[in-house]
Structure formats: structure tokens, C-alpha cells
1. Given the conditions (1) crowded, with 20+ Cβ neighbours inside 10 Å; (2) at pLDDT 95 or above, and given that P92 satisfies all but one, which numbered condition is not satisfied?
2. Restricting the first residue to region 230-257 and requiring it to be closer than 19 Å to Y75 by Cβ, which pairs with a second residue that is of a type in the set (K, R) and not in a helix (DSSP H, G or I) meet a Cβ separation below 9 Å and a spacing of at least six or different chains?
3. Here are some conditions: (1) surrounded by fewer than 17 Cβ atoms within 10 Å (Cβ to Cβ); (2) over 20 Å from L231 (Cβ atoms); (3) at pLDDT below 85. G349 meets all but one. Which one does it not meet?
4. So the check is Cβ under 8 Å with 6+ separation or different chains; which pairs have a first residue in region 165-193 that's on the phi > 0 side of the Ramachandran plot and a second one that's surrounded by 14 or more Cβ atoms within 10 Å (Cβ to Cβ) and of a type outside the set (S, T, N, Q)?
5. Taking region 378-392 on its own, how many of its residues are among the hydrophobic types (A, V, I, L, M, F, W, C) and either at pLDDT below 90 or in a helix (DSSP H, G or I) (or both)?
6. Of all residues being buried (at least 16 other Cβ atoms within 10 Å of the Cβ) and among the charged types (D, E, K, R) in region 249-303, which is modelled with the lowest pLDDT? Just the residue, please.
7. Could you check V241 against (1) at pLDDT 95 or above; (2) buried (at least 22 other Cβ atoms within 10 Å of the Cβ) and say which number it fails?
8. Can you report the number of residues in region 218-228 which are surrounded by 23 or more Cβ atoms within 10 Å (Cβ to Cβ) and aliphatic (A, V, I, L, M)?
Amino acid sequence: MSSDSQSSSKPSLSLAKYANLPSQLMIGGFIGLLIGFFVWRDQFLYSYLTAFMFFLSLVLGGLFIVLLHHLFDSYWIVPIRRVCEHFACLAPWLGALGLPVILLFSKSIYPWMAIEDPHSDHALHVKYALFNPTAFWGVSILLFVVWTWLANSLRKHSVAQDETGDARHTRAMRKFAAVGILIFAVTLTLGVIYWMKSLEHQWFSTMYGVYYFAGSVWTTLATIYVLTALLQRTGHLAPVVRDSTFKDIGTLFFAFTVFYAYIHFSQYFLIWNAAIPEETFWYVKRENGTWWYLGMLLIFGHFFLPFLAMLRIDVKKSLTIMGPLAGWAWLMHYVDMTFNIKPVMDPEGGSISLGGFVQSVAAMAFMGGVLAKQFLKSFAQHAPFPQRDPRIAETMGVYVELESEAEAKTQSAEA
């Protein structure tokens, strides 16, 4: 879709046609997972964890964009803010889907859980304050409680703002954002350390939280771009979405393409340069077999391809290019999660098995179907975009005269 057709498109789609898709994905995915649980137990656990970390990226990415809007009063986020709020409010549903499996089978997924004497392992001994079953289970639950509270508090005031336009809701959301961005940074880091990094508890990386954050926001922006184009065509966001909206989303997507590559390269370079065995083994393992090719795919597919594709400014307003690129971003982020998680199960990097493929597709379909169903339900219950945001007029390209300007004109006319 060209920029001209985006700005002048009339509602031509209906969300009703997608109403049954989440249920179909849920049922198909659940059947696949049920089979995998009994036939490919190891594949089931690691594929489920990969899908969990993938969709956690969308939840936390949505929360970050909402926080970003309230921190910087960025008018261009107004059209997509409600969608991002719904993304963030999927936290309790994702927690209900993921935590029971992770906690129930934690000893099968996380090797350090099975060590009888944790103090006999030096790496586990020095991290025992965090890496012990009580802390793992307690913090895991607490993180989702915090994310649920923060996301729902922001959306509660956002919806109340729609009804009254009272400035106190705007101030409340900004206060939540000021505190929330600090909470977000700490909780995201703890979450990725517990659920992904602790798969190999000996490994050290001080950049891992930022690395996951960069990939999460990158994937969320790609998703938001396509959803914005779709909701514009259905008419839900048509009043507030303009050419500049797509350009701004695309620009931030481009920025996080570079940011992710910078963080990932920095992590690799520092570990390679220091050459400490407790750090280098993580990358050495991922140079075996299939993992080597996935690593090369991340270098060229996660960075070079989208970076070169989005260099031209007009590309960022073209759904014809950005749509497939968003789909590619989903694939690359899933490959990234696989690259982080599945070498623990298969250190030698054997060829991709039928069981692994089936379980990967089934886990993504089941979890994605449940979350999509809840997203559509939330979207139907609220206005598609903030109705009385202080910058809604600016978002729509309408200039509202300041009170001081009106007074100056009145005084000038009287004189």
C-alpha cells in the first residue's frame, strides 16, 4: 500500500472475518501440544518456553511504548496507545499460560534446579540468593503481578480519561510512567534472567536484559505497524492515523534495528575480547551444527536485511514493503529466542527434528490464539484510540489555538 492510498483509504475490511481464527489456532495448537507432551516431552518443554518468551516480548514491548508516550508526551503514539495498552494488559493471561508449565517442570528445564548441593557448584553458590527454588517461584509470580498492576492502572486511567477528559487522569498516568519505567527496567531484567538466562546458570552477561528489551520492542513495533494499517482500513483508527503515523512507527522500528544489533554485537565483542571461560562457552556452544546457521541468519536477517530495506524514508510509509518486513521480524525474533533457548537441549546442534518443528508451531499457535482472543475481546470493549487525550487534536492534524494567542488577537482587535 502506498502512502497515498493509506491516507485516503476507506473502511474496506471487517474484524469479524478474523473472529474465529484465534479459536482455531487455540484448538489446533492444543492438540499438537497434547500429542507432543506424551511423544516429545523435551521438545514440548523447550518449545513452550520459546513461545512464552516470544509473546512476553509483545506484552512488555506494548507496556514500554505506553510508558514512552506518557514520559515524553509524544503525540504520534496517541493513535496506537490503546492497542499497546491492550498488549500490556495481556500479562495475566500470559502468566496463566506460561508460569504453571515453567514452575511445574522447572527441574526438567533448568539444570541448576536438579543440583542436590547448590554450594558444590561455584557458579550456583555465588548466585544462590537469586537461583534457588523459593526465589525463582516467588519472583516469577511477583513479576506478573507487578506487570498486571502497572498495565491495568495505566489503562484504567486512560479509559477514564475518555469519559471525562479530566486532567487528573493525564497527571496520574504520567506519575505511573515515571515510577513505572524504573520498575519496568528491573522486572524485565529479572524475568529474562530467570526464565531464559538461567538455562545456563554459569554464564555471565550484564547486557542480557537490554538485549532482550531491544528485540522485544523491535518485534512489537513491527506488529503495531501492521495492526495500525489493518485497523485504519477497518475504520477503527481512520480518524487519527496519518502518513506521519506510519513514518514514525517505521522510524522507531528502524532505530531499534540498529540498537538491537549494537547491543548484541557489544555483548559478543566484550565476551570474545575478555575470553573468560565462564562467558565464552555460551557462544562456543552456539557455533555447533544448526546453531551456527541460525547465528548467521540473525546477523544478516535480524540486522542487515531490515536495516538496508528501511534506509529510504518513503519505505517506512509503504505497507507493501513494511508488511512483509514485519512478518520477517516475527520470524527473526522467534529464531533469536530459539538461538537462546534450544541449544541447552541440543548442544551439538543436530538437524531440526519433526518433533521440534511440530511443537514449535503448536506452542506458537496455542499461545498466540489465546492471547489474540483476549486482545480482540479487550479491543471490542473500549474505544479504539484515546478519545480525550490532550494531544488528540495535534494527532489528527488540527491546530487548536492557545488561550494566550486568542487573548493577544482580542487585544489587538480592540486596539
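The values are calculated or read from the model by the stated rules, or taken from the named source; none is laboratory data. Since this is a predicted model, take the numbers as computed values, not measurements. All Cβ positions, glycine included, derive from the backbone under ideal geometry; neighbour counts span all protein chains shown.
1. (1)
2. Partner pairs satisfying both residue conditions: A238/K10.
3. Here G349 clears every test but (1).
4. From region 165-193, the pairs are G165/R388.
5. Adding up the residues that qualify gives 3.
6. Filtering first and then ranking leaves E279.
7. Unmet condition: (1).
8. Result for region 218-228: 3.
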